[in-house]
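Asks: Just passing along the structure, written as structure tokens.
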Amino acid sequence: MAKSKKINESKRHGVQAFWALLSNSYLPGFFQGKIYKGKLKNLCVPGLNCYSCPGAVGACPIGAMQAVIGSWNFKFAFYVAGFLMFIGALMGRFVCGWLCPFGLIQDLLHKIPVWKKIETFRGDKLLRKLKYIVLLVFVILLPMVLVDILGQGAPYFCKLICPAGTLEGGIPLVLLNKSMQSALGWLYAWKNALLAATIILSLVIYRPFCKYICPLGAVYSVFNPVSVFRYQVDREACINCGACAEICKMQVNPAKHANHPECIRCGACKKVCPAKAIRHGCEL
């Protein structure tokens, strides 16, 4: 059973790595320190992948939403909202488990042996609501309300919080551009402190950013119970052994809530089920 789980996890990480490379395949950017601005950049990618990453060939849907939500560019705003709804309705948080580059980074960090791994703690469930507040305040309200004379709002989540943007975009661009190095200030230090905290927490807590902060995960979680790709539990076959709940790193009980908003579709519960009662499929 342990070998089967390891094979499944390796397969998932392989898919994550392939998608991360595909989403950041503009290799000249890593040598020139410049951002790709071709036509592909008008298209969003499903996961949280920084627009400012030198290799990024697509736009992050959260960054794109902030850029247009307070402007008069309704056409593009409808495209971003429609994209999020389409991906969410199609896959739910499957994107988090299989396609998000920053999810892969947290997965790999959590594999590093440390003194203690924390599965849950007092206040964990309440803290998971924070990502919905981050979505509402930093992605929607602030860019919509605090705009300049041209009616453009700033990407406040990207600017003030996103550790993925710091790792994928901020640090590489600063290292590759000497002119940026002389302009660093408190904001860059703050963003790096948040990144450092995320890295440290990822060593002991499984995917802390996904659980508590990520606004994209908040969007997709709403669609988990109704998405086309879903988990199904055969109630007659289920023996209520609790193996699926025990192995779930997102602290979900698949036997009771197979399509819980926190489920990232990693497939560990499906592999460990001795009765093969958990299946994945499409509800059309």
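Every residue, every condition in (1) open to solvent by less than 50 Å² (accessible area, probe 1.4 Å); (2) within 30 Å of Gly92 (Cβ to Cβ); (3) of a type outside the set (S, T, N, Q), yes or no:
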position: Leu167; (1), (2), (3): no, yes, yes
position: Ser179; (1), (2), (3): no, no, no
position: Ala189; (1), (2), (3): no, no, yes
position: Asn192; (1), (2), (3): yes, no, no
position: Leu201; (1), (2), (3): no, yes, yes
position: Val204; (1), (2), (3): yes, yes, yes
position: Arg207; (1), (2), (3): yes, yes, yes
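Asks: For the range 247-261, give me each residue that is more than 18 Å from Lys211 (Cβ to Cβ) and open to solvent by 20 Å² or more (accessible area, probe 1.4 Å).
Replies: Passing the criteria: only Lys256.
Asks: Check Val57, Val114, Val95 and return the single one that is out of contact with any strand residue (DSSP E or B) (no Cβ under 6 Å at 6 or more places or on another chain) and open to solvent by less than 10 Å² (accessible area, probe 1.4 Å).
Replies: Val95
Asks: Out of Ile264, Ile278, Ile239, I need the residue that is of a type outside the set (Lys, Arg), at pLDDT below 95 and either crowded, with 21+ Cβ neighbours inside 10 Å or within 24 Å of Val137 (Cα to Cα) (or both). Which one?
Replies: When all the criteria are applied, what remains is Ile278.
Asks: Provide a single number: the residues in the range 203-262 that are among the charged types (D, E, K, R) and either in a helix (DSSP H, G or I) or under 19 Å from the mean Cα position of the chain (by Cα) (or both).
Replies: Residues meeting the conditions: 6.
Asks: Do any helices (runs of 4 or more DSSP H) lying entirely in the range 21-108 carry at least 2 residues that are at pLDDT below 90 and under 16 Å from Leu173 (Cβ atoms), and which ones are they?
Replies: Answer list for the range 21-108: 28-32.
Asks: Quick one: which residue in Leu184, Leu142 is over 19 Å from Thr198 (Cα atoms), over 16 Å from the mean Cα position of the chain (by Cα) and crowded, with 20+ Cβ neighbours inside 10 Å?
Replies: Exactly one of Leu184, Leu142 is over 19 Å from Thr198 (Cα atoms), over 16 Å from the mean Cα position of the chain (by Cα) and crowded, with 20+ Cβ neighbours inside 10 Å, namely Leu142.
Asks: Any idea which of Gly47, Gly33 is on the phi < 0 side of the Ramachandran plot and in contact with a Leu (Cβ under 8 Å, 6 or more places away or on another chain)?
Replies: Criteria check complete, one pass: Gly47.
The values are calculated or read from the model by the stated rules, or taken from the named source; none is laboratory data. Everything numeric here is computed off the predicted structure, so don't read it as measured data. Please note: Cβ atoms are built from the backbone with ideal geometry, for glycine as well, and neighbour counts cover all protein chains shown. Heavy atoms of the whole protein, side chains included, go into the accessibility calculation; ligands, DNA and RNA do not. Shrake-Rupley method; radii C 1.70, N 1.55, O 1.52, S 1.80 Å.
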